[in-house]
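First up is the structure itself, then whatever we jot down about it.
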Amino acid sequence: MSKVSYYTAEGLKKLKDELEHLKSVMRPKASQDIADARDKGDLSENAEYDAAKEAQGLLEMRIAKLEEVYANARLIDESQLDVSKVLVLSNVKIKNQSNGMEMKYTLVAESEADLKTGKISVTSPIGKGLLGKSVGEVAEITVPNGVLKFEILEISRD
């Protein structure tokens, strides 16, 4: 059985766009590459043909994986989410108790995580540690080099 993934409207659209691009642009290109390589002569000694077939196989595997993910994707209804606790799509302002540094993160599905934009996965160690906590609580998060303590300062939604 496949794993259900939760997405924002933006993340789901990005997934669908990538899938459509692979099917409508990359798949025909892969077929054309195979046809071009086939026209170059003897297939038993044609490395270009072998490479094109392998690239097509990898592309089809990627398409199949994305189709499965898309089939099991669920859109998150942000209006139904509780703002008193840290959940998926929460904007969380936290303070590292060891150095006093404040950070702001948005918790998102694993596939939408992007640290550069402040989006961390709910399956990451910090994401897991913050889930379910309320403002004022301290989350003790075990990371490879010890335990980090973060105080929840603020929870909001966009």
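When LYS95, LYS65, LYS104, LYS85 are screened for being surrounded by fewer than 15 Cβ atoms within 10 Å (Cβ to Cβ) and in the same structural domain as PRO125 (by the TED database), only LYS104 passes.
Suppose we keep only residues that are β-branched (Val, Ile, Thr) and touching a residue at least 12 places away in the same chain (Cβ under 8 Å) within the stretch 132-154. Which one would you say is surrounded by the most Cβ atoms within 10 Å (Cβ to Cβ)?
Narrowing the stretch 132-154 to residues β-branched (Val, Ile, Thr): 135, 138, 141-143, 147, 152.
Within this subset, residues satisfying the condition of being touching a residue at least 12 places away in the same chain (Cβ under 8 Å) are 135, 138, 141-143, 152.
Details: VAL135: 15, VAL138: 12, ILE141: 17, THR142: 11, VAL143: 11, ILE152: 20.
Within the stretch 132-154, the match that is surrounded by the most Cβ atoms within 10 Å (Cβ to Cβ) is ILE152.
Looking only at the stretch 107-131, how many residues end up being touching a residue at least 40 places away in the same chain (Cβ under 8 Å) and either among the hydroxyl-bearing types (Ser, Thr, Tyr) or open to solvent by less than 70 Å² (accessible area, probe 1.4 Å) (or both)? Break it down into steps so the answer makes sense when it comes.
First, pick out the residues of the stretch 107-131 that are touching a residue at least 40 places away in the same chain (Cβ under 8 Å): 108-112, 130-131.
With either among the hydroxyl-bearing types (Ser, Thr, Tyr) or open to solvent by less than 70 Å² (accessible area, probe 1.4 Å) (or both) added as a condition, the list becomes 108-109, 111-112, 130-131.
Qualifying residue count for the region: 6.
Count, please, the residues in the stretch 38-52 that happen to be in contact with a Lys or Arg (Cβ under 8 Å, 6 or more places away or on another chain) and in a helix (DSSP H, G or I). Break it down into steps so the answer makes sense when it comes.
Of all residues in the stretch 38-52, those in contact with a Lys or Arg (Cβ under 8 Å, 6 or more places away or on another chain) come to 46, 48-49.
Then keep just the ones that are in a helix (DSSP H, G or I); that gives 48-49.
So the count comes out to 2.
Within the stretch 109-158, the residues that satisfy the criterion of being under 15 Å from ASN96 (Cβ atoms) and of a type in the set (D, E, K, R) are LYS133, GLU137, GLU140, LYS149, GLU151, GLU154. When the criteria are applied in full, LEU12 fails the requirement of being open to solvent by 70 Å² or more (accessible area, probe 1.4 Å) and either part of a helix (DSSP H, G or I) or free of Cβ contacts under 8 Å to residues at least 12 places away in the same chain (or both).
Which residue out of ILE63, ILE34 is touching a Leu at 6+ places or on another chain (Cβ under 6 Å), at negative phi and among the aliphatic types (A, V, I, L, M)?
Working: ILE34 fails: touching a Leu at 6+ places or on another chain (Cβ under 6 Å).
On inspection, the qualifying residue turns out to be ILE63.
Let me confirm something: among LEU19, LEU75, which residue is under 23 Å from ASP114 (Cα atoms) and open to solvent by less than 60 Å² (accessible area, probe 1.4 Å)? Give the derivation first.
Numbers: LEU75 fails: open to solvent by less than 60 Å² (accessible area, probe 1.4 Å).
Every option except LEU19 fails the conditions.
Of all residues in the stretch 27-50, exactly one satisfies the criterion of being buried (at least 16 other Cβ atoms within 10 Å of the Cβ) and closer than 30 Å to ASN72 by Cβ, namely ALA30.
The values are calculated or read from the model by the stated rules, or taken from the named source; none is laboratory data. None of the values given here were measured: they were computed from a predicted structure. When we count neighbours, we look across all protein chains shown, and the Cβ atoms used for this are built from the backbone with ideal geometry, even at glycine. These area figures cover heavy atoms from the full protein model, side chains too; ligands, DNA and RNA do not enter into them. Shrake-Rupley method; radii C 1.70, N 1.55, O 1.52, S 1.80 Å.
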